[in-house]
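Values in this text are rule-based calculations from the coordinates and carry no lab data. The model shown is predicted, which means the values in this text are computed figures rather than measured ones. As a convention, Cβ positions derive from the backbone with ideal geometry for all residues, glycine included, and neighbour counts pool all protein chains shown.
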Amino acid sequence: MLYRQTIRWARAAELALAIDAGRERAQEALDALRRQRDDDRRPYLCLPARTDDLPAIEARAEAIRASGVGDVVVLGTGGSSLGTRALLALDGPALGASSGLRVHVPDNLGATLMDAVLRDLDPARTHFIAVSKSGGTAETVAQTLTAFEAVSAALGPTRAAQAFTLVSEPGDSPLRRLAGQWGVATLDHDPALGGRYSVMSVVGALPALLAGFDIAALRRGARRVLDQALAPGADPARVPAAEAAVLGHVAGEAAGAAIAVLLAYDDRLAPFTRWWAQLWAESLGKRGLGSTPVAALGPVDQHSQLQLYLDGPGDKLISLVKPVTAGTGPRVAPALAAGAGEGRLDYLSGRTIGDLVDAEADATAEALVRRGRPVRVLTIDRVDAETLGALMMHFMLETVITAHLIAVDPFDQPAVEEGKQLTRAALRGTGDALAAAAMPAGLVSDLGVSAA
């Protein structure tokens with residue numbers, strides 16, 4: 001078993017007609033997805049079964065290793081980095097130790113963060129992988145230009161060119177043009193593959209291979225989910241991604257569940273929840289529709305968010321990803337627990353850390369169900385590459401099926417372009433005029449505080 005999905009919601013029985021109608025629409029989505037995969041129209045549906053693209057990626061990874069570097073820096077943001085972070089986090093801090101390479105993903109552009117990358121890493125032993133589907137993403141372009149200048153200043157332009165790899169779609173883009181001028185090695189990003197759906201492509205595969213990650217297992221897990229979901233005659237009620245999409249849609253329509261929470265009970269899955277949040281928000285948030293994703297981590301967020309989920313507005317669909325951890329981790333010595341006196345810690349005596357986390361996840365789900373919240377639990381036996389591939393494909397399918405149910409395009413992001421245009425205008429010195437023209441009348445307050 002890669003994962004098992006359990007959905008519990010007290011109102012499901014009274015909303016049976018709406019759920020049945022949702023399943024009929026989900027069937028349409030599954031049929032369309034099957035045709036798209038069979039016709040090779042959507043690369044994310046075809047990647048799990050592919051192997052022909054891996055030799056070129058592995059060859060580039062081997063060339064980077066052979067250059068003698070100790071650090072690899074992935075320059076990218078959003079869909080160009082969040083999936084990579086999810087892969088690299090899988091085996092915790094030790095991931096990549098066997099390969100001798102440390103892979104860094106400073107995906108959030110920041111002046112101090114970029115200063116640290118260029119200050120703390122040895123340019124002679126660092127390789128940079130710049131990832132931008134369009135080849136013009138402002139954050140990635142800025143990262144790449146500043147990194148290339150720093151490496152050129154230290155080693156000269158010829159050595160600097162050998163220290164970079166570009167992943168971008170073919171065409172005349174700023175990064176493609178610069179890579180050609182510099183003589184930088186370039187790998188193609190599939191133009192038909194959206195960034196947030198690209199984790200199993202060269203985008204995630206190249207840095208993950210450098211860290212010793214099993215890309216074949218990732219794709220194998222994804223393919224198992226696809227094969228089950230898109231089998232001819234598959235019943236949506238028995239396809240986990242379809243059933244979850246139907247529940248979320250019905251909960252949103254009938255119960256006002258406008259927030260989707262993904263609460264993972266393992267630190268290694270924290271970046272995975274961030275990857276999911278982008279996938280969900282950017283694919284579904286259109287025309288006033290969609291639900292707000294919240295990436296959460298258990299048990300820590302039981303102490304920061306659970307009060308709201310239990311006793312606040314009933315506007316959330318809450319999903320738990322629960323690895324089976326019972327019996328794992330350090331064990332509490334009975335003699336030490338007894339030292340607290342009066343049986344205060346008898347519930348911990350002889351128990352492992354995994355026992356406590358396992359019990360907390362179960363208890364959280366039960367408490368939410370008792371409060372009438374719609375709850376979905378995804379139970380996984382192992383946190384490994386195959387399971388992560390299965391979960392990623394599950395949520396891609398769930399997202400696309402949900403998009404079908406609410407009639408939006410899950411592959412575009414039209415509203416984001418306005419912010420990009422305003423950013424470029426501000427840097428060119430025309431931003432004030434644009435902002436003033438577009439800003440509605442309102443109240444402005446300015447609180448200035450200074451220290452002598």
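The three principal axes of the C-alpha atoms in segment 290-410 carry coordinate ranges of 60, 36, 19 Å, sorted with the longest axis first. Return a single number: how many Lys pairs in the chain, at a sequence separation of 8 or more or on separate chains, have alpha-carbon atoms below 22 angstrom apart. So the count works out to 4. According to the Cα-based calculation, Rg over Rh for segment 271-313 is 1.06, with Rh computed by the Kirkwood formula. So for segment 1-135, averaging the separation of alpha carbon pairs under 8 Å that are six or more residues apart and normalising by length, what relative contact order in percent results? Contact order relative to length: 27 percent.
Taking every DSSP beta bridge that has both ends in the chain, the antiparallel portion is near 15%. Select from F213, T158, Y197 the residue farthest towards the positive end of the dipole of segment 144-227; place +1 on Cβ of Lys and Arg, -1 on Cβ of Asp and Glu, and compute about the Cα centre. Of the listed residues, the answer is F213. Across the chain, Cα pairs under 8 Å and at least six residues apart give a relative contact order of 22 percent.
Taking all Cα-Cα distances within the chain, those exceeding 33 Å account for 43%.
Taking all Cα-Cα distances within segment 1-115, those exceeding 26 Å account for 50%. Exposed loop sites are taken as GluC sites (Glu not before Pro) in a DSSP loop (any state but H, G, I, E or B) with at most 13 other beta carbon atoms within 10 Å; the longest stretch of the chain without one runs 15-341. In whole percent, what relative contact order does segment 308-410 give with Cα contacts below 8 Å and a gap of six or more residues? Worked out over segment 308-410, it gives 34 percent. Kindly provide log₁₀ I(q)/I(0) values, in the same order as q = 0.13, 0.14 Å⁻¹, from the Debye equation applied to equal alpha-carbon scatterers of segment 222-298. So the normalised log intensities are -0.50, -0.58. Taking the DSSP bridge list for segment 244-401 and keeping only pairs wholly inside it, about 5 percent are antiparallel. For segment 153-262, the calculated P(r), taken from all Cα-Cα distances in 5 Å bins from zero up to the bin holding the longest distance, is 2, 9, 12, 12, 14, 13, 11, 9, 7, 5, 4, 2, 0 percent. Remark: segment 212-344 carries a charge dipole of roughly 380 debye about the Cα centre, counting +1 on each Lys and Arg Cβ and -1 on each Asp and Glu Cβ.
For segment 1-62, what D do you get in µm² per second when you plug the Kirkwood radius from alpha-carbon pairs into Stokes-Einstein at 37 °C and 0.692 mPa s? In µm²/s, the coefficient is 212.
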